[in-house]
Structure formats: C-alpha cells, structure tokens
Amino acid sequence: MNLREILSKIEKEEIIVIWEEVAVQFDNLQQTPLGFQWRGEHYEVLEPLLVFKSSGGYLHYLLLTSGGVFCLTLVRDRGDLPLSESRWVLRYRVKDDAPPKKSNESVPLLGGSPKAAFSLLQGISKSMLVPLPLLNVVYYHGHLCPELAIGYRAGLVAQQELGLSRENAYNFFVLAENMTSAIDALQFMTGCTIGNQNFFVYDLGKHVYYFGRFSSTFDAQEVLRVALINPVIDLKYKGEVEKKIVAGRASATELKEYQKAIDDAVQEILSLPEEDLFSKSKVSLRLPQVTSRHNYTKCSCCGEVVAVEKSIMGENKFLCQVCAAKTI
Ligand SMILES: [Zn+2]
Ligand SMILES: [Zn+2]
C-alpha cells in the first residue's frame with residue numbers, strides 16, 4: 001500500500017477502530033514514536049508516514065509498523081495547561097489484505113537517518129516531503145520557510161558535532177548573528193532559548209551560528225562556528241510578489257509561483273550536502289555575561305515593576321530607564 005492508497009482507505013473508513021490507551025516508546029531527538037505495546041504485542045515503527053494536528057490541537061501520527069498501518073494520537077487532557085497529563089491513544093488500524101505480522105518478524109529500524117514524512121500541516125505544501133523532526137519545528141514556528149530550514153540544518157550540525165539536544169541544553173549555549181525564522185528552529189531543536197539565557201542573538205544579518213559548552217570561567221573558549229556560504233535562501237523576486245500578496249493584488253499564478261519558489265528553496269536546503277551549505281570552524285569566543293536571577297523593585301515614577309540591575313538610581317529612588325529618559 002502506498003500513502004495514496006492508505007489515505008483513500010481512511011477516507012472510505014476502511015479502518016478498524018481501536019481507541020485504546022497504549023504505552024509508547026518515543027524518540028525525543030527525532031520527536032517520533034519508535035514503537036508501542038498493544039494487547040501484549042510490541043509494534044515497531046518502520047516508518048512514520050504522516051503527522052498532522054487536528055483542529056482540537058491533538059497530534060496524530062500515521063505510522064507504518066511491523067503489524068500494519070496505525071493512527072496513534074497524543075492526547076493532552078487539558079490543552080490549555082502546559083503541565084497537563086499526556087497519553088497515547090491508538091485510534092485505528094488501516095485495513096489491509098495481509099493479516100497483521102507478528103512483531104518478531106519485523107524489519108529492523110533503519111539507522112539514524114532522518115525519516116521522511118508527508119505532511120498535511122498548515123503552512124506546508126501538501127506534496128512536500130519533509131523530515132519528521134522538522135515537522136515539529138514547523139508546528140512551533142507556524143510555517144515552513146527557507147530560513148527555518150537553514151536553522152534546522154544548522155541544528156543538525158550541532159546535534160552531530162556536539163551532541164547538543166533538548167535534554168542536555170543546560171550545558172550549552174548558542175549565539176546567532178541574525179533574527180530570522182532560523183532562530184525558532186534552533187531554539188526548538190537545541191532547547192537553548194532566549195528565556196533560558198543560553199541563546200544569544202546579535203543581528204548582523206548573517207546565518208552564522210556559534211555552539212559551545214558553558215564553562216565555569218568567563219575566559220574565552222573554543223566553540224563551533226557554522227556559517228552559511230550558499231545563497232540558496234536568496235529569493236530576490238520574492239520581495240515584489242510578497243508586497244503584492246500583502247496588498248491583496250497577487251494573481252493566482254503569482255501565488256502559485258511564490259509558493260513553488262519557497263518549496264524549491266526549502267527542498268534544496270534539505271537535500272544539499274552539509275559542506276555545500278555551511279563552512280564549519282572552531283573559534284575562540286567569550287560569552288556575554290548574564291544575570292540568572294533578577295531582584296525587582298518598583299519604578300518610583302511609573303510604579304511599574306523593574307529589575308534592579310536594569311533601573312537607574314536617582315536621589316535614593318529607582319527609576320526605570322524609560323522614566324529616567326523622560327526626566328532628563
Ligand atoms: Zn518563517
Ligand atoms: Zn518608570
């Protein structure tokens with residue numbers, strides 16, 4: 001069965017409804033289920049076929065397993081609460097002509113290569129082939145664009161070279177020289193975030209990224225520098241069409257061409273060998289100093305809460321920088 005046949009079966013409801021809670025082995029790095037236990041059998045995921053988000057916000061994984069094609073759903077009991085309980089529900093199995101295979105006959109999982117999945121996500125063209133881990137990045141960012149793909153590729157370099165992942169993010173820091181969609185990809189993939197004060201941005205308009213380990217001293221230290229050397233993200237003609245789209249003046253043909261240009265750039269970014277995309281080097285870098293905890297006070301002028309370190313001291317009272325500027 002190819003994906004088209006599977007989807008048409010689902011559409012015709014040629015499915016066996018299961019709706020049972022199951023235990024799932026989840027790969028945090030690839031953000032994909034590796035397998036699950038159902039009725040005493042282990043089902044190994046051979047290929048994630050499709051990931052999509054329903055209007056209720058649930059994540060559905062359509063998975064080719066050692067025992068057929070299943071739809072597995074991550075259900076959050078209260079989507080509005082960040083720490084609410086999540087559970088996995090095996091929703092249905094797509095009917096096929098062959099009887100379900102036993103798990104011990106299964107084909108072993110392919111090595112660490114990023115698995116590809118078709119996406120029905122908003123923000124991605126329907127026919128686009130996208131690695132599954134990137135889909136999670138797209139959920140976070142809201143759409144798939146060339147800069148996001150660059151950030152994703154740079155994040156893969158950090159994962160491979162330094163073993164940087166969301167699990168060990170507290171040991172690392174990232175510094176970026178741009179403020180584009182790539183930053184979202186890198187924050188999501190590495191777990192280093194601006195809020196956690198281990199992601200720093202100096203907008204120089206360059207896709208240059210530094211990845212390093214925190215050290216106990218503030219001396220300069222060796223870090224990995226990854227720089228984009230391929231102008232694959234340069235879509236010059238995009239600017240004009242973009243203006244037209246915003247103004248609602250773009251024709252259907254222009255819209256189509258625009259989407260195709262973006263899709264082509266993304267596909268090229270995802271398929272180019274690493275050395276055609278980035279130059280990598282080790283450089284020495286001193287980390288910006290950060291304050292991990294703020295003491296707060298109230299601005300004596302506007303009454304708003306302000307960090308003591310960021311306020312201006314004047315005549316035995318604290319002023320926020322905005323008020324201080326006004327009173328000068
Ligand atoms: Zn974007
Ligand atoms: Zn103030």
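The values are calculated or read from the model by the stated rules, or taken from the named source; none is laboratory data. Just so it is clear, the model here is predicted, and its values are computed rather than measured. Positions of Cβ are backbone-derived with ideal geometry, glycine not excepted, and every protein chain shown enters the neighbour counts. Surface accessibility is based on the protein's heavy atoms, side chains included, excluding ligands, DNA and RNA. Shrake-Rupley method; radii C 1.70, N 1.55, O 1.52, S 1.80 Å.
For this structure, a couple of remarks:
- Within the stretch 171-195, residues that are more than 16 Å from ligand 2 (Cβ to nearest atom) have Cβ atoms under 8 Å from residues that are in a loop (DSSP other than H, G, I, E, B) and basic (K, R) in these pairs: E177/K206; N178/K206; M189/R166; T190/R166; G191/R166, counting only partners at least 6 apart in sequence or on another chain.
- Search result, residues across the stretch 285-309 that are under 28 Å from the mean Cα position of the chain (by Cα) and of a type outside the set (A, V, I, L, M, F, W, C): R286, P288, Q289, T291, S292, R293
- Those residues of the stretch 209-234 which are loosely packed, with under 11 Cβ neighbours inside 10 Å and of a type in the set (D, E), in sequence order: D219, D234
- Taking the criterion of being open to solvent by 80 Å² or more (accessible area, probe 1.4 Å), of a type in the set (D, E, K, R) and in a loop (DSSP other than H, G, I, E, B), the residues of the stretch 1-27 that qualify are K12, E13.
- Tally of residues being open to solvent by less than 80 Å² (accessible area, probe 1.4 Å) and without any contact (Cβ under 8 Å) to a residue 12 or more places away in the chain across the stretch 235-251: 6
One line per residue, one yes/no per condition, for (1) open to solvent by 30 Å² or more (accessible area, probe 1.4 Å); (2) more than 9 Å from ligand 1 (Cβ to nearest atom); (3) touching a Cys at 6+ places or on another chain (Cβ under 8 Å):
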{"site": "A149", "(1), (2), (3)": "no, yes, no"}
{"site": "Y152", "(1), (2), (3)": "no, yes, no"}
{"site": "Q160", "(1), (2), (3)": "yes, yes, no"}
{"site": "N168", "(1), (2), (3)": "yes, yes, no"}
{"site": "V174", "(1), (2), (3)": "no, yes, yes"}
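- Of all residues in the stretch 165-179, one or more are modelled with pLDDT of 55 or more, within 21 Å of K238 (Cβ to Cβ) and in contact with a strand residue (DSSP E or B) (Cβ under 7 Å, 6 or more places away or on another chain).
- Of all the residues in the stretch 262-313, those that are touching a Pro at 6+ places or on another chain (Cβ under 9 Å), among the small types (G, A, S) and open to solvent by 80 Å² or more (accessible area, probe 1.4 Å) number 0.
- Looking only at residues in the stretch 136-147 that are assigned to a loop (DSSP other than H, G, I, E, B) and open to solvent by 30 Å² or more (accessible area, probe 1.4 Å), the one that is nearest to D264 (Cα to Cα) is H143.
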